[in-house]
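Engineer: First the structure, which I've put down as structure tokens, then a few questions once you've had a look.
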Amino acid sequence: MLPPAVPRPPAHLRVVDPAKARAGAARRRRTGRAESPLARKRRARRINAVLAEAYPYAVAELDFASPYQLLVATVLSAQTTDVRVNSVTPRLFAAYPDPRSLAEADEAEVQEIVRPLGFYRAKTRAVQMLAQKIVDDFDGEVPGRLEDLVTLPGVGRKTANVVLGNAFGVPGLTVDTHFGRLARRFGWSEEEDPVKVERDVAELFEPKDWTDLSQRLVYHGRRICHSQRPACGVCPVADLCPSYGSGPTDAAEAAQLLKYEFAPGREELLDAFMAGRTRAQLQDDGWALSP
Ligand code: SF4
């Protein structure tokens, strides 16, 4: 009988010599705080460049066609996956195409649509209150300024930055759980408070790079640099990361930990992303875009 095939990392990922990664991590841990601001900035930008090559298709994983849709989808995504949210929003937005129709909708009908997301009563209340406030205070149009967005119920800086960056083209750093964890692992910030992490990381990058960087960190956090067992042995930024070794460094063992389109057995999906197929097109092709 043939031995089981050893999973391999996707071919386009930068391969890092383990000895180089080990030496780099040891050196950075040793020098740690002594890294000069300029050296940290250069290393941060190199990491961003490598992640851009690893995730050339990184866009918001929530499907949307307008600021209203992205705002509602982002609020619905609390405590569930983007994939699950994407499975209910087409029906929701077909029934309620703008804030006014959602605000005036029958509560039980909205609950029925968002039920698969869990916490459906609270989520229905949240999006209807949000829609009502947009109608009352902004004449039914989602505002395009951070200071206005954070006045909406259930909208904090993170959600506001997601909407600004992705639906309005205004640069924003979206510090969610993945972003915060990776910023600390990369040595870009020592803070736990998302607002302080945002401030530290903002100093390392030009504003024009903020939105794409935010997407790439979320992609990297979900696929490779997991909170529990990061796949260090197949990580394309292993030689730039002081936390190399937080997870398995053996390439075969690490490759088993890859998720989403990098997961072993989903090579065709990765090829399709690399060829430029969008998430919506892939769903039409029959792909379930879950891990
Ligand atoms: S997977 Fe490992 S090497 Fe890569 S960024 Fe995360 S901690 Fe660093």
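The values are calculated or read from the model by the stated rules, or taken from the named source; none is laboratory data. Values in this document were obtained by computation on a predicted structure and should not be read as measured data. With ideal geometry, Cβ positions are generated from the backbone for all residues, glycine too; neighbour counts draw on all protein chains shown.
Engineer: Quick check on PHE205: is it buried (at least 18 other Cβ atoms within 10 Å of the Cβ), within 16 Å of the ligand (Cβ to nearest atom) and among the aromatic types (Phe, Trp, Tyr)?
Structural biologist: Details: buried (at least 18 other Cβ atoms within 10 Å of the Cβ): yes; within 16 Å of the ligand (Cβ to nearest atom): no; among the aromatic types (Phe, Trp, Tyr): yes.
Here the answer is no, as PHE205 does not meet what is asked.
Engineer: So which of ARG28, ARG22, ARG46, ARG84 ends up being assigned to a helix (DSSP H, G or I) and closer than 22 Å to VAL175 by Cβ?
Structural biologist: Numbers: ARG28 fails: closer than 22 Å to VAL175 by Cβ; ARG22 fails: closer than 22 Å to VAL175 by Cβ; ARG84 fails: closer than 22 Å to VAL175 by Cβ.
Selected residue: ARG46, the only one of ARG28, ARG22, ARG46, ARG84 that is assigned to a helix (DSSP H, G or I) and closer than 22 Å to VAL175 by Cβ.
Engineer: Which pairs do you get when a residue that is on the phi > 0 side of the Ramachandran plot, found in region 174-189, comes within reach of a residue that is within 11 Å of the ligand (Cβ to nearest atom), reach meaning Cβ atoms under 7 angstrom, with the pair 6+ apart or on two chains?
Structural biologist: GLY187/ARG28; GLY187/PRO242
Engineer: For ASP271, indicate whether it is out of contact with any Leu (no Cβ under 9 Å at 6 or more places or on another chain) and more than 15 Å from the ligand (Cβ to nearest atom).
Structural biologist: On the way: out of contact with any Leu (no Cβ under 9 Å at 6 or more places or on another chain): yes; more than 15 Å from the ligand (Cβ to nearest atom): yes.
Here the answer is yes, as ASP271 does meet what is asked.
Engineer: Looking at PRO9, PRO37, PRO67, PRO4 in this structure, which one is modelled with pLDDT of 85 or more and surrounded by fewer than 18 Cβ atoms within 10 Å (Cβ to Cβ)? Show your work before the answer.
Structural biologist: Numbers: PRO9 fails: surrounded by fewer than 18 Cβ atoms within 10 Å (Cβ to Cβ); PRO67 fails: surrounded by fewer than 18 Cβ atoms within 10 Å (Cβ to Cβ); PRO4 fails: modelled with pLDDT of 85 or more.
Among PRO9, PRO37, PRO67, PRO4, only PRO37 is modelled with pLDDT of 85 or more and surrounded by fewer than 18 Cβ atoms within 10 Å (Cβ to Cβ).
Engineer: May I pose another question? Taking the residues in region 218-268 that are polar (S, T, N, Q) and more than 19 Å from PRO18 (Cβ to Cβ) as candidates, determine which candidate is nearest to the ligand (Cβ to nearest atom). Walk me through how you get there before you give the answer.
Structural biologist: Here is the first cut: in region 218-268, the ones polar (S, T, N, Q) are 227-228, 243, 246, 249, 256.
From what's left, more than 19 Å from PRO18 (Cβ to Cβ): 227-228.
Numbers: SER227: 10, GLN228: 11 Å.
Residue satisfying both the conditions and the ranking: SER227.
Engineer: With respect to THR211, is the statement that it is in contact with a helix residue (DSSP H, G or I) (Cβ under 9 Å, 6 or more places away or on another chain), within 16 Å of the ligand (Cβ to nearest atom) and among the hydroxyl-bearing types (Ser, Thr, Tyr) true?
Structural biologist: On the way: in contact with a helix residue (DSSP H, G or I) (Cβ under 9 Å, 6 or more places away or on another chain): yes; within 16 Å of the ligand (Cβ to nearest atom): no; among the hydroxyl-bearing types (Ser, Thr, Tyr): yes.
So THR211 fails the test.
Engineer: Hey, among the residues in region 146-193 that are small (Gly, Ala, Ser) and in a loop (DSSP other than H, G, I, E, B), which one's nearest to the ligand (Cβ to nearest atom)? Can you show your working first?
Structural biologist: Narrowing region 146-193 to residues small (Gly, Ala, Ser): 154, 156, 160, 165, 167, 169, 172, 180, 183, 187, 189.
With in a loop (DSSP other than H, G, I, E, B) added as a condition, the list becomes 154, 156, 169, 172, 187, 189.
Details: GLY154: 31, GLY156: 26, GLY169: 28, GLY172: 22, GLY187: 10, SER189: 14 Å.
Out of the qualifying residues, it is GLY187.
Engineer: Within the set of pairs 6+ apart or on separate chains, which have a first residue in region 236-259 that is of a type in the set (Phe, Trp, Tyr), a second that is near the ligand (Cβ under 8 Å from one of its atoms), and C-beta atoms under 8 Å apart?
Structural biologist: Sorted first by the residue in region 236-259, then by its partner, the pairs are TYR244/ALA21; TYR244/ALA25; TYR244/CYS232; TYR244/CYS235; TYR244/ALA238.
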